[in-house]
Amino acid sequence: MKHILGNWKMHGSAEDLWAWQEAFKPPVDVQCGLFLPHTLLHSQPVNFFTGAQDVSIHPGHGAFTGEISAEMVKGTGARMALAGHSERRHIICESNEMVKTKAENAIRAGLTVVLCVGEPLEIREKDKQEEYVAKQLNESFPMGGNADNVIIAYEPVWAIGTGKVATLEEIAAMHAFIKGVAPAQNMAILYGGSVKAENARAILFTDNVDGVLVGGASLKADEFQKIGEAAL
Ligand code: PGA
């Protein structure tokens, strides 16, 4: 079954989510989910599952003002958590080590982790993307991670929010590479970076692509629904 996952980033009110949910008719046999801001995680929709965009590096409970632990996320009914999204790696400066700890916290709390990897433009221009992604995977893959609790998302940084999608050849090559070097067998591998209704089908049927992680285009229910339907 293909995974069609949206990432709302720092967008969305309760009203937006309500309207989105009313409009969204999930295609059957497609796993649809939304990574929502923490403020919206308490609402448990019936037609898709929810996930958190981040969990704290600190597990459980404690004096960590402003932090939200994996256990607290799990308590909302969320099923998944992102770890190592490129905006957190590059804007918030999260290291591989931090991503790994967060992913381990999420797994321990019973969440499925979507572990994001992907190279910046200057690395792609030097043709060093495989080395770069292999290092990210080696250093940020959680202990105890396997195909049941971790999904890998390949998101080239230069394709996120830029409208510049990787070519199908670039996607196929990197997904085959990740499949070969992933620390566990049979991992699902998603592609993310400027996925829209018009390019989703070709990407979803590229070799070793098990789904997509969608940013901007997930904010509109009808566009996201079309992306889901492209998986059928
Ligand atoms: P985008 O974002 O679809 O807006 O490029 C993808 C992501 O950040 O996961």
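Note down the accessible area of Tyr132, probe 1.4 Å, to the nearest 10 Å².
Probe radius 1.4 Å; accessible area of Tyr132 about 60 Å².
For n ≥ 4 DSSP H runs only, could you compute -39500 (n - 2.57) per run for the chain, divide by its residues and tell me the 222 nm figure to the nearest 500?
Values: 9 runs with 82 residues, N = 232.
Only helices count here, giving -10000 deg cm²/dmol.
Accessible area per residue for the chain in Å², computed with a 1.4 Å probe and the full protein assembly in place, what is it? Please list the in-between numbers first.
Working: 10600 Å² over 232 residues.
Each residue of the chain exposes 46 Å² on average to a 1.4 Å probe.
Taking the alpha-carbon centroid of each part, what is the distance from segment 194-230 to segment 112-191 in angstrom?
17 Å
If you take the alpha carbon radius of gyration of the chain and divide it by 2.2 N^0.38 Å, what ratio comes out, to two decimals? Let's see the in-between values first.
Details: Rg = 16.4 Å, N = 232, 2.2 N^0.38 = 17.4 Å.
Computed over Cα atoms of the chain, the ratio equals 0.94.
Filter the DSSP H helices in the chain by two things, a Kyte-Doolittle mean of at least 1.0 and an axial alpha-carbon span of 27 angstrom or more, and list the hits by number.
Details: long enough: none.
Correct list, ordered by number: empty.
Take the cross-link list Lys102/Lys135; Lys9/Lys102; Lys100/Lys179; Lys9/Lys226; Lys135/Lys226 and give me the ones stretching past 26 Å between alpha-carbons.
Details: Lys102/Lys135 17 Å; Lys9/Lys102 18 Å; Lys100/Lys179 19 Å; Lys9/Lys226 20 Å; Lys135/Lys226 35 Å.
Where the Cα-Cα span goes over 26 Å, the pairs concerned are Lys135/Lys226.
For the chain, what % of the accessible area comes from carbon and sulfur atoms, probe 1.4 Å?
Details: 5710 of 10600 Å².
Carbon and sulfur: 54 percent of the exposed surface of the chain.
The values are calculated or read from the model by the stated rules, or taken from the named source; none is laboratory data. Predicted model only: the values in this text are computed from it and were never measured. Ligands, DNA and RNA are stripped out before the accessible areas are found, and what is left, the full protein with its side chains, is counted by its heavy atoms. Shrake-Rupley method; radii C 1.70, N 1.55, O 1.52, S 1.80 Å.
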